[in-house]
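I have placed the structure first, in the form of structure tokens, so that the comments after it can refer back to it.
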Amino acid sequence: MNLSPKTPIGVLIVDDSPFMRMTLQKILNQDPDIKVLDTARNGREGILKLQALHPQVVTMDVEMPVMNGLQALEEIMRWQPTPVIILSSVTTEGTEATLKALDLGAFDVVSKPSGSPGADLQALSLDLVEKVKAAAKVNLARLGRKEVPSGPAPIAPLTKVVPLTGVGNVSAPARQVQPLKTPVKTGFSPKHAIEIVAIGTSTGGPSALQAVLPTLPADFPVPVLVAQHMPAGFTGPLAQRLNGLCLLQVREGIHGEALKAGTVYIAPAGKQMQVQRKAGQLTLHIGDETPIPTLYHPSVDIMFLSLVKVIGKGTLGVVMTGMGSDGTKGMKELKRLEAFAIAESEETCVVYGMPRSIVDAGLADRVVPLGEIGRTIVECVMRRG
């Protein structure tokens, strides 16, 4: 029986640097499942070649003459939606532009080499190839500009909040949770009071976080942890942006700091974020330690596994859009202790990898679309009694 050969993924490289064009072409063409169709020196040339060649994936530099990457990306998403992977430098301007690109509908971001050429290029190669293959599978209907909320979404007061233990309740007025659009099935609420919320996400995560975190009320009575797969240097600006959109304080986690109710802690990219309990107080441990083998820094699994040891059943784990299965190992251990799990539904995921792994393993207590995740979290934590 003759099987037709698999058609390789067609890629267009848009970068004003001859060295980067040559490097990216060499990296991608080494994989038999990928074929670089052509390269372009600026955004305008890139758009013309996109229209002529119809690549499945585009890699895009940000700073270019004639037409920069953001301008080109906006045009691509308006007229010919195509998965675009942004290559960005870790600078103030670079990180801000990258976050803007993600808002405009970019699929994901890869960090440009900045240190040791050999090590950096090897990391770039692994990261880029993986993301190109994932991008080629994305539903084009899920690409496009993401609406960034102008401010926190208000939630009306609750008459009663279930007391929680371990971190202390805030004294601000309680808030009312509006009914979910999707009716909640009986028995699908947490059995135990929630002491902490832990969110894991990857590709599509920055926009997903912008949809979820601003819906959490100012009197949210527990800490929130976030492990978002991003290149080193990008999570600090992400935290700053989210802080401007949320009623809660959002910041990049600091080693040794005590966790506080109503604060969101973003795991620093390039590091692992774990939780410890010292003298009854929950604190962050930020470092390079990886208790289990993982490709991700930060790793959702490592964050979840640390919560198994110090909180267990009082954990609300949330897994949203992203490639791979990071988070599944940790969630299995949390579920053994009767923790509660929410997974984003396939219909709203940019990449239905991490949530699918949770759902397929039978670990998800609730599977809800992105627009309902924030409200579901509030309902689970601030239960009416």
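Taken together, the values in this text are just the output of simple stated rules run on the coordinates, not laboratory data. Just so you know, these numbers come straight off a predicted model, no measurement behind them. Every residue, glycine as well, gets a Cβ built from its backbone with ideal geometry; the counts of neighbours run over all protein chains shown.
If R0 is taken as 30 Å, the Cβ-Cβ distance between residue 289 and residue 258 corresponds to a FRET efficiency of 0.90. Spin-label pair residue 126-residue 309: with each label point 7 Å from Cα along the Cα-Cβ axis, the two points sit 2.4 nm from one another. Which residues among the range 59-77 fall inside the zone where the amide N is under 12 Å from a point 7 Å beyond the Cα of residue 93, along Cα→Cβ? In the range 59-77, the label zone of residue 93 (backbone N under 12 Å from the point 7 Å along Cα→Cβ) covers 62-65. Equivalent-ellipsoid semi-axes for the range 287-385 (Cα gyration tensor, √(5λ), whole Å, largest first): 21, 18, 11. Here's the picture: a label point sits 7 Å out from the Cα of residue 193 along the beta-carbon direction, and within the range 350-385 the residues with their amide nitrogen under 14 Å of it are 381-385.
Quick check on the range 222-271: take the gyration tensor over C-alpha atoms, sort the square-rooted eigenvalues as a ≥ b ≥ c, and tell me if it's rounded (a/c under 1.5), prolate or oblate. Because a/c hits 1.5 or more and a/b fails to exceed b/c, the range 222-271 counts as oblate.
Extents of the range 43-110, taken as max minus min of Cα coordinates on every principal axis and listed largest first, are 34, 23, 17 Å. Using the Cβ-Cβ distance between residue 347 and residue 80 with R0 set to 35 Å, the FRET efficiency from 1/(1 + (r/R0)^6) comes to roughly 0.90. Using the Cβ-Cβ distance between residue 276 and residue 19 with R0 = 45 Å, the FRET efficiency computed as 1/(1 + (r/R0)^6) comes to roughly 0.50. Extension gain, residue 66 to residue 333, is 90.8 nm, computed as 0.36 nm per intervening residue step minus the present C-alpha separation.
Calculate I(q)/I(0) for the range 9-142 by the Debye formula, one identical point scatterer on each C-alpha and no solvent, and give its log10 at q = 0.13, 0.15 Å⁻¹ to two decimals. Values returned for q = 0.13, 0.15 Å⁻¹ are -0.46, -0.62. Stretching residue 137 away from residue 361 to a fully extended chain increases their span by 78.4 nm, per 0.36 nm per residue minus the current alpha-carbon distance.
Placing unit charges on the Cβ atoms of the charged side chains and taking the dipole of the range 196-381 about its Cα centre, the candidate lying farthest along the positive direction among 343, 253, 217 is 253. Legend: translational diffusion of the range 196-381 by Stokes-Einstein, Rh = Kirkwood radius over C-alpha pairs, 20 °C, 1.002 mPa s; D = 136 µm²/s. In order along the range 218-231, the Karplus-derived 3J(HN,Hα) couplings, from 6.51 cos²θ - 1.76 cosθ + 1.60 at θ = phi - 60°, round to 4, 9, 4, x, 9, x, 10, 10, 9, 10, 10, 5, 8, x Hz, and Gly and Pro are given as x.
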